[in-house]
Structure formats: C-alpha cells, structure tokens
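A.B. asks: Here it is, the structure, as structure tokens.
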Amino acid sequence: MTKLSYCLTLPWGGTASNKEEWVLNFEGTLKLSITGFAQYKQALRTSFVVTVIILLLFGAYFAFIPGKGHSVSKGPYYTVVVDCGSTGTRVNVYKWLAKDVSSKELPILLYSYPDNSTDGMLWKSCKYHCLQTEPGLDKSVGNLSGVRASLEPLITLAEHKVPSEKRRDTPIFVLATAGLRRLAMEDARRVLNDIEVVVKEHTFLYKKSWIRVLSGQEEAYYGWVALNYKMGSFGNHSRSPTLGLLDLGGSSLQIVVEVDDTREDANLVRSKFGFVEHDILAYSLSEFGLNEAFDRTVVMLSHMEQLTESASGIVEIRHPCLHTDIVQNYTCYGCSQLNAPDQKNVTSQVQETKFPSVYLVGAPNWEQCRRLAKVAAINSSTADTDLRARSCSDNGNEMINLTAFAHPKARFHALSGFFAIYDKLNLSGRATLMKIWEKGQQVCSRSWSDLSSNSQNAYFAWQYCFRVPYVASLVDDALCLGDKEIIFGPADVTWTLGAALVEGEYLWSSPTRSQISILALNTELPMIGRKSAVRGQKMID
C-alpha cells in the first residue's frame, strides 16, 4: 500500500523554546482578530439598525404625514370641520383649489356646506345653526353612545359631500369650544377619546391632535381669519386695515380687532396669515354668550323676587323678557344656591339642589327687560337700576373699551348669534342701534304665537325678547362700540372656515412654512393637555 506523506516546515524552527514563543504570539494575534471582528460585527449591526429606522421614519413621514404623500395642486381638495359647541354639534365641508404651493397664495374656496344656497325646506328661513345635533357634547361625559349619536349623522353627511376617491386624503378636524372648555380636564379628555373612537370608524384622514378643545383665543383668531379671508382682506400685498370681529355664541363672546399699539398684552397676537403681518387683539369672554347671559338674569331675578313653588314643588321665577304665554321648565346652572330674601316657602330640597330646575313664567315688561339685559351685558352682579357710573359716557366701564385700541376707522362685522338675532328683525345690514331698539320693542309686543311661528327653533324663539336688548346693550354699553360702523353678517362666515384654512395649511402652503405654522399654533395657544403659553405677544402663522 502506498502511503501519502506530507512534508511540513515547522514555523518555530524546531526548538521547544521557539515553539512556546510562537504559540503565545499566535494566540494573542488570534484574540485580537476575534475581538476586532466582533467589534466590526457590532458596528455593522448598529449601522444596519439605524439605517432601517431612518428608512422606516422616512416611509412613515411620507406615507402617514398628511399633505406629504400627495400634492393638492393638481386639483380640488376638501376639508371637514366638526364644530362641537355648547348648544350642539355641527359639521362644515369645504372644497378648495390650491394655487402654487411654493408661494403664500391662499387657496380658493370653491364650495362650502352648508351655505345659503343649500336646497330643502329646512334652509329656506334658517341661516344660523340650521343643522345640528343636540345637546352639546359636554353633556355626554362618559357616554360613548351619546357622542356617537351626535357625531355619526354629521360625519356620514360629510362623507356624502366628499367624493369617495378623495376621502382618505381629506382631513377631519373635530374642534370643541366653550362647552368642553368649562369641563374639568379629565372629563374633557374622556369626551375627546370617545370622539376619536367614532372618527376612526370612518374613512376621513385624522390625527389625534386634530381632535381637541380650542382655547378661547384660538376660536377668536379662527373667526377673524374666516371673516377677513371671506371679505378679501388678505388678498393683496399692501397694508390695509383688516375687519374687526364680534362673534357671539351660546357660552362665549369673541372679539378681535387690529391695533397699532404693540404693547405687552396677553391678548395680543401677531398674525402672519397672508402676505402682511397684523397685530391683533383677540379676546374670548366666557361669561357673555347668549345662554350664559340669560342664565345670569335668572340668578339675579332669584335674588330679587320672593320665590314661590308651583303645585309640583318647583320654584317659579317671573321673567320680564318672556311672553305671557310662556311657562318654561329651566335648569339654572348659575343657581347653585337660591338666596331669595324670603325662602320660607321654598323647600330645603330645592335649596340644596346644585343646579335647580325652575319654572320661568312670562311677565312681559319691555323697560324692565331692557334694564335687565343691560345689567347682564355689563356683567353686573346685581340688578342696580343706576347704571350711570358704569356707562361708556362716564368712562367707568370695566369691560374692554376697544375704541381705545382699534384703528380709528375700524369696521366691525357681528357674526353668529349677533347675526341670527338681527336677521329676525328684517333690518338692513347697516341699521343703527336705535333702529334695533325700536324694532326689537315692536317685534316683542307681538303675541307669542306670532313670534314662535316665525322661528325655526322654538328654544331660540322663547328667549328672543331677551336677546334683542342684550345684543344691543352688549355693543353699546359693554363694548362701547356704539359709534363704530358695525355690519351684521355675512351669515355664512363662522370660525370653522378659519380653522379649515389654518389647521389645513399643510395642504396649500409650502412644506417648510406649513410645518412651522402648525407647530407655532399648537405650542403657543393653550389647549387640553398642554401648558398655557407665556403671557405676552404670540406669533401665529
């Protein structure tokens, strides 16, 4: 058998000492090689993980960040805004055409729903809150089914207004105002979480940050943007005065006016919306909404009158702004304690009720009603008939005197509740306050049946003869704007239009600018779950 032999040359030269030295050197080299390879593998693994994360982030950025995965410059686009107000919930759908997204050109509004041209019997004589679900969502804390019942028909209606191929790219902003603002933060969060549950069941694009409670200043600013966009004040490069805003809701009053004085003020906002910067004062007054003001009159009357009970054991309060035929069951949210001069005839059960239910009985008296409305407008705690010390003519008004700050030729538009009340008087858009007083007295001298038959909303109608003098007193006595030019309307301008423009800016503005704008707005203005901004001037794009 042939054996195969191998001839090997030993690397240590044949001696034992050389062998040991070579083995030690070889082991050291081997250890260094293994350690270096392990470090290389770790670095390679880390680089791979970082690369994957970056790719995933970029993918998510372009796939999920709205406005980045597609361009709206090729055709029309839509936005949906749900207004969660104190009296009810409403939906608005807007159709836009963007101009050059690399410029600051504002988009063109092609269509809005609802508007004055909306078909159907419901819209023929209704111009304000014609379609809403009631009550407000602040009454549905911990009640998902109640939230669903309020939102479902509105979102479904919006889906019918947006083409199916556009819905996944159409943002829906669900924004709550004064009703949820007055809730405890935890209660407001519960409602917002329930809203998100309902919204995610539909096809519209949404982000959690698009479902929130607006600060009062945000609501005021959005209203101002809506008004000046609609009236063309943002449409040129020259610096011309913008329009002042008076926006009256059920719970709060928003006032916005441009100013020349840029002093330190918590209500001062510098707006960069459009081509020119504007310094504006934006106020939100939580106690001056229509419902809050009326509630205040009931509280005052409960202090002034000797309270009696009806046969069913409910307290009766006579109200001078209500017609004779009215006996209305009313929950008085301000009547946490009924401190009447003589409570002998009032049961302890009624006195201890946190929000007592009372019967309001009509006892019409125009002069008393007018005086009561004026007291409510200046937010006096008592119905003092001597109001001279608090009038604008005596310079003693504790409310905001806008005439001291506004442009000398400022023109104001009164929207929402202002317009709804004014519209029922059938006056021209530029009628004087004197005409409002005269026509209000004339209308309220009619029978209750005549007044209610002319209103689409029975709840709105029974308080109407308080609201007319209240609106007039608010303008003249509280805001001291009686000498300013005030136009009531347009009917179709609400803060939701401004919200659609500002919140949806990423759809029509340049990418860099839009991201800065949204970041600035979300951090500068207080909202649920976020700290309030530093007092002083704010920058809003």
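Quick note: the coordinates plus some simple rules give every number you see, no bench work behind them. What you see is a predicted model, and the numbers here were worked out from it, not measured in a lab. Backbone-built Cβ (ideal geometry, glycine too); neighbour counts: all protein chains shown.
A.B. asks: Amide H neighbours of Val259 under 5 Å, counting only residues 5+ apart in sequence or on other chains, H built in-plane at 1.01 Å?
C.D. replies: Hits under the 5 Å cutoff: Asp279, Ile280, Leu281.
A.B. asks: To continue, here is another question. Evaluate E = 1/(1 + (r/R0)^6) for Leu110 and Asp187, where r is the Cβ-Cβ distance and R0 equals 45 Å; express this FRET efficiency to the nearest 0.05.
C.D. replies: Details: r = 39 Å, r/R0 = 0.86.
That gives a FRET efficiency of 0.70.
A.B. asks: Once you've got the Cα coordinates, tell me which of Lys207/Lys272; Lys166/Lys424; Lys208/Lys484; Lys230/Lys435 are over 31 Å apart.
C.D. replies: On the way: Lys207/Lys272 25 Å; Lys166/Lys424 39 Å; Lys208/Lys484 42 Å; Lys230/Lys435 27 Å.
With Cα atoms farther than 31 Å apart: Lys166/Lys424; Lys208/Lys484.
A.B. asks: Need the full-extension length gain, Asp325 to Asp265, defined as separation in residues times 0.36 nm minus the C-alpha distance. One decimal, nm.
C.D. replies: Values: separation 60, 0.36 × 60 = 21.60 nm, distance 4.84 nm.
Between Asp325 and Asp265, full extension yields 16.8 nm more.
A.B. asks: Also, I was wondering about something else. Calculate, for Asn379 and Glu485, the FRET efficiency according to 1/(1 + (r/R0)^6) with r their C-beta to C-beta distance and R0 41 Å; round to the nearest 0.05. Don't skip to the answer; put the middle values down first.
C.D. replies: On the way: r = 25 Å, r/R0 = 0.62.
FRET efficiency, Asn379 to Glu485: 0.95.
A.B. asks: How much length is gained if the chain between Lys99 and Arg168 is pulled fully straight, taking 0.36 nm per residue apart and subtracting their Cα-Cα distance, in nm to one decimal?
C.D. replies: On the way: separation 69, 0.36 × 69 = 24.84 nm, distance 2.15 nm.
Here the segment from Lys99 to Arg168 would lengthen by 22.7 nm.
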